[in-house]
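Following: one structure in structure tokens, then a few remarks.
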Amino acid sequence: MHPDISSVLLTHQQIAERTAQLGEAVSRDYQGKELTAICVLKGAALFFSQLVQEIKLPVTLDFIQVSSYGKSTVSGGKLAWLKQPEFPVAGKHILLVEDILDTGFTLWNVRQKLLGQGAASVKICTLLDKPARRKVPQIQADYAGYTVPDAFLVGYGLDYDEKYRNLPYIGVLKPSCISQAEESKAATAAVKMKEGV
């Protein structure tokens, strides 16, 4: 286990087994429909890759990238679109694949934009659901892997400041790792202020 992780919440095997179940459910529900699966980069990349292999019907793959966190541990409340869908979504049945649903802010805005572009339907598939942090109650996952507690989770695509994405499991990040990083950023900002940068 990585030294910055206090405990493993979900093993690679648990994730694989649950992802297979989600793939079966999606395959059943979208039978006879033209499905487009859209991965929300970067966090969902590992989950998305495994999920689409478990979907037993034709599926078009696309990718978007949005950001509301930056280098923080909490959503900043403003959504920046870094990558738009490559293919037109009008008339398509969209499966929006995310790593974690917490405040709901990001997925609410993404879903509204896709529907505004004429998508026939937009459903949400998330590996992790963190309802304790929900701020947009209208957003619920249509497919959810695991309901998780309100802890800062990393691994299997989830990051803190772009680190830990490659861990093959999902673990709880030690609070000391977050506080040390925040202190370092605060110190850097103070030096810049002092130097008039």
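Details
- Of all residues making up the range 22-56, the number that are touching a Lys or Arg at 6+ places or on another chain (Cβ under 6 Å) and part of a helix (DSSP H, G or I): 1
- Subset tally (residues that are touching a residue at least 12 places away in the same chain (Cβ under 8 Å), over 17 Å from Gly43 (Cβ atoms) and touching a strand residue (DSSP E or B) at 6+ places or on another chain (Cβ under 9 Å)) for the range 114-149: 12
- Exactly one residue out of Phe47, Phe105 is within 30 Å of Ala151 (Cβ to Cβ), modelled with pLDDT of 95 or more and surrounded by 13 or more Cβ atoms within 10 Å (Cβ to Cβ), and it is Phe47.
- Residues in the range 10-21 that are outside any helix (DSSP H, G or I) and in contact with a Pro (Cβ under 8 Å, 6 or more places away or on another chain): there are none.
- The lone criterion from (1) under 23 Å from Tyr160 (Cβ atoms); (2) in contact with a helix residue (DSSP H, G or I) (Cβ under 9 Å, 6 or more places away or on another chain); (3) modelled with pLDDT under 95; (4) of a type outside the set (S, T, N, Q) left unmet by Cys39 is number (3).
- Of all residues making up the range 134-159, the number that are under 13 Å from Gly104 (Cβ atoms) and either in contact with a Leu (Cβ under 9 Å, 6 or more places away or on another chain) or among the hydroxyl-bearing types (Ser, Thr, Tyr) (or both): 6
- Taken over the range 57-83, the residue count meeting the criterion of being part of a loop (DSSP other than H, G, I, E, B), at pLDDT 90 or above and surrounded by 13 or more Cβ atoms within 10 Å (Cβ to Cβ) is 1.
- Leu95 vs. criteria outside any loop (DSSP other than H, G, I, E, B), in contact with a Phe, Trp or Tyr (Cβ under 9 Å, 6 or more places away or on another chain), surrounded by 16 or more Cβ atoms within 10 Å (Cβ to Cβ) and modelled with pLDDT of 95 or more: yes
- Qualifying residue in the range 188-195 (condition: of a type in the set (A, V, I, L, M) and modelled with pLDDT of 90 or more): no
- Yes/no for Ile55 being under 16 Å from the mean Cα position of the chain (by Cα), β-branched (Val, Ile, Thr) and under 16 Å from Lys123 (Cβ atoms): no
- Of all residues in the range 160-173, those satisfying the criterion of being at pLDDT below 95 and surrounded by 15 or more Cβ atoms within 10 Å (Cβ to Cβ) are Tyr160, Asp161.
Table: residues versus (1) small (Gly, Ala, Ser); (2) out of contact with any Gly (no Cβ under 6 Å at 6 or more places or on another chain); (3) modelled with pLDDT under 95.
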site: Asn109; (1), (2), (3): no, yes, yes
site: Ala119; (1), (2), (3): yes, yes, no
site: Val136; (1), (2), (3): no, no, yes
site: Ala141; (1), (2), (3): yes, yes, no
site: Gly145; (1), (2), (3): yes, yes, no
site: Val148; (1), (2), (3): no, yes, no
site: Ser179; (1), (2), (3): yes, yes, yes
site: Glu183; (1), (2), (3): no, yes, yes
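- Selection of first residues in the range 51-65 that are of a type in the set (Asp, Glu) and of second residues that are in a helix (DSSP H, G or I), restricted to Cβ pairs under 9 Å at least 6 apart or on distinct chains, gives the following pairs, ordered by first then second residue: Glu54/Thr19; Glu54/Ala20; Glu54/Gln21; Glu54/Leu22; Glu54/Gly23; Glu54/Glu24; Glu54/Val26; Glu54/Ser27.
The values are calculated or read from the model by the stated rules, or taken from the named source; none is laboratory data. These numbers come from a predicted model, not from an experiment. For neighbour counting, all protein chains shown are included, and Cβ atoms are generated from backbone atoms with ideal geometry for every residue, glycine included.
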